[in-house]
Amino acid sequence: MTSWFYGSDARDCSPAEPTAGALGFHRSLPGYEPTPLVELPDVAAELGVGRVFMKDESQRLGLPAFKVLGASWACRQVLERSPGARLVTATDGNHGRAVARMASHFRVASTVFVPAVMLPATARKIEDEGADIVWVDGDYDEAVRRAAYFAAKEDGRELVQDTAWEGYTDVPDWIVEGYQTLLHEVDEQLAALDTSANLVAVPVGVGSLAEAVVRHYRQPTGPRPRVLSVEPDTAACVLESLATGRPTTVPTDATVMAGLNCGTMSTSAWPVLRDGGVAAVAVTDEEALRAVDDLARLGVSSGPCGAATLAGVRAALAVPGRFFSLGLSSVDVVVLLSTEGAHP
Ligand SMILES: Cc1ncc(COP(=O)(O)O)c(C=O)c1O
């Protein structure tokens, strides 16, 4: 299997700045504040670049992952359209917990479909938010199919899924809009230090977060960093799709990077990533866990999905020539998106 892809051309994207709506909505939520952007000089020295920053999403609106940014805005929009609806979703963990939390916030019911490989402790956290859990005898893709079917079966149910397919794009678009709050914060935090990003590494499951990153950084004006997609080697659907030039589903297996355990890309993410000049790499569980430990030693709480970005940049740069393929120089600024906190 391919473990590295390098896309050279990057076209502009249609504008998708954080809508005043999503950003304003997040700012109105109790407990909202920008998450920290932590500088890691030791990692910069190791990688041979100017500066390395890690966007630390270990505490986001009271949850230990960035996902609530997308789920909150999408739930709000869905309930504006269908007041009082039961919110339905499928999840590897973080998205479902965020939807369940928002359902409680908006005082509506929720049903969350979870794949057979989910750890019982993860399912319990979703249940504790007030959701009804449905175990699916299958993988994440199967859980998504079951959730979509369940939502469509009766009036008064609304699917809030963080991946798009033909005919289902409104909600994933809102989710991508919601994620852009994170990037807006990164830009402001870097601007306050008089700098901007040259490379942004993003952990990838279905590719919606990566879509937000590429949309944000492929505007006609503004910073235009290279984007590195990082996936588990057991679920590298974006890498495989970019390498083969068409959206490709891959079989998946259990991984410590549970939130990235997705075998099929979002159809909305595909053209954006294909045309966005994205580089992609796959990492092993061992590489991700080593990054978790290294970050913990540096005082950053990062789970395997979040730390995967450090593992990914390391894997990308381990091979001679890739430093230059990524357009990096020794003074450049690398931003690693650490999308979840360390698991307890
Ligand atoms: C912690 C974490 N990081 C990254 C991702 C990847 O996001 P996407 O599925 O939009 O690619 C997920 C998805 O659930 C996640 O939970």
Inset, instruction - Looking only at segment 275-288, decide whether some residue is within 11 Å of the ligand (Cβ to nearest atom), touching a residue at least 40 places away in the same chain (Cβ under 8 Å) and under 30 Å from residue 116 (Cα atoms). - result: no
Inset, instruction - Name, by its number, the condition in (1) away from the ligand (no atom under 12 Å from the Cβ); (2) within 17 Å of residue 267 (Cα to Cα); (3) of a type in the set (A, V, I, L, M, F, W, C) that does not hold for residue 186. - result: (2)
Legend entry - Candidate set: segment 219-257, residues that are under 22 Å from residue 332 (Cβ atoms) and touching a strand residue (DSSP E or B) at 6+ places or on another chain (Cβ under 6 Å); chosen: the one most open to solvent (accessible area, probe 1.4 Å): 226
Legend entry - Selection within segment 252-274 - farther than 16 Å from residue 173 by Cβ and within 11 Å of the ligand (Cβ to nearest atom): 257, 258, 259, 260, 261, 262, 264
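So which of 121, 98 is on the phi < 0 side of the Ramachandran plot, open to solvent by less than 10 Å² (accessible area, probe 1.4 Å), within 16 Å of the ligand (Cβ to nearest atom) and among the aliphatic types (A, V, I, L, M)?
On the way: 121 fails: open to solvent by less than 10 Å² (accessible area, probe 1.4 Å).
Going through 121, 98 in turn, the sole match is 98.
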Legend entry - Within segment 1-22, considering residues that are assigned to a helix (DSSP H, G or I) and open to solvent by less than 70 Å² (accessible area, probe 1.4 Å), the one modelled with the lowest pLDDT: 21
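Looking only at residues in segment 101-118 that are out of contact with any strand residue (DSSP E or B) (no Cβ under 7 Å at 6 or more places or on another chain) and modelled with pLDDT of 95 or more, which one is most open to solvent (accessible area, probe 1.4 Å)? Lay out the reasoning, then the answer.
Initially, segment 101-118 is screened for residues out of contact with any strand residue (DSSP E or B) (no Cβ under 7 Å at 6 or more places or on another chain), giving 102, 104-107, 117-118.
Pick out the ones that are also modelled with pLDDT of 95 or more and you get 102, 104-107.
Working: 102: 10, 104: 60, 105: 87, 106: 60, 107: 213 Å².
Out of the qualifying residues, it is 107.
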Legend entry - Residues (among the basic types (Lys, Arg) and under 15 Å from the mean Cα position of the chain (by Cα)) located in segment 46-69: 55, 60, 67
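Enumerate the helices (runs of 4 or more DSSP H) found wholly within segment 276-329, keeping only those where 1 or more residues are open to solvent by 40 Å² or more (accessible area, probe 1.4 Å).
Working: elements: 285-297, 304-317, 322-325.
Those helices (runs of 4 or more DSSP H) span 285-297, 322-325.
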Inset, instruction - Working only within segment 69-108, note down all residues that are farther than 23 Å from residue 340 by Cβ and part of a helix (DSSP H, G or I). - result: 77, 78, 79, 80, 81
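Would you mention how many residues in segment 170-186 are closer than 17 Å to residue 82 by Cβ and of a type in the set (D, E, K, R)?
Kept after step one, since they are closer than 17 Å to residue 82 by Cβ, are these residues of segment 170-186: 170-175.
So of that shortlist, the ones also of a type in the set (D, E, K, R) come out as 170, 173.
Summing the residues that are closer than 17 Å to residue 82 by Cβ and of a type in the set (D, E, K, R) in segment 170-186 gives 2.
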Inset, instruction - Scan segment 23-38 for residues that are surrounded by 17 or more Cβ atoms within 10 Å (Cβ to Cβ) and part of a helix (DSSP H, G or I) and jot them down. - result: 23, 25, 26
Inset, instruction - Take the residues in segment 201-217 that are open to solvent by less than 10 Å² (accessible area, probe 1.4 Å) and more than 9 Å from the ligand (Cβ to nearest atom), then tell me which one is farthest from residue 312 (Cα to Cα). - result: 217
Legend entry - helices (runs of 4 or more DSSP H) completely within segment 112-222 that count 2 or more residues being touching a Leu at 6+ places or on another chain (Cβ under 7 Å) and touching a residue at least 24 places away in the same chain (Cβ under 8 Å): 140-153, 170-192, 208-217
Legend entry - Top-ranked residue in segment 62-80 [being without any contact (Cβ under 8 Å) to a residue 60 or more places away in the chain and within 11 Å of the ligand (Cβ to nearest atom); ranked as nearest to residue 175 (Cα to Cα)]: 68
Inset, instruction - Can you confirm whether segment 102-123 contains a residue that is under 21 Å from the mean Cα position of the chain (by Cα) and among the charged types (D, E, K, R)? - result: no
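The values are calculated or read from the model by the stated rules, or taken from the named source; none is laboratory data. Remember, it's a predicted structure, so these values are computed and weren't measured experimentally. Glycine gets a Cβ as well: all are built from the backbone with ideal geometry, and neighbour counts include every protein chain shown. Accessible surface is based on the protein model in full, side chains and every heavy atom, while ligands, DNA and RNA are left aside. Shrake-Rupley method; radii C 1.70, N 1.55, O 1.52, S 1.80 Å.
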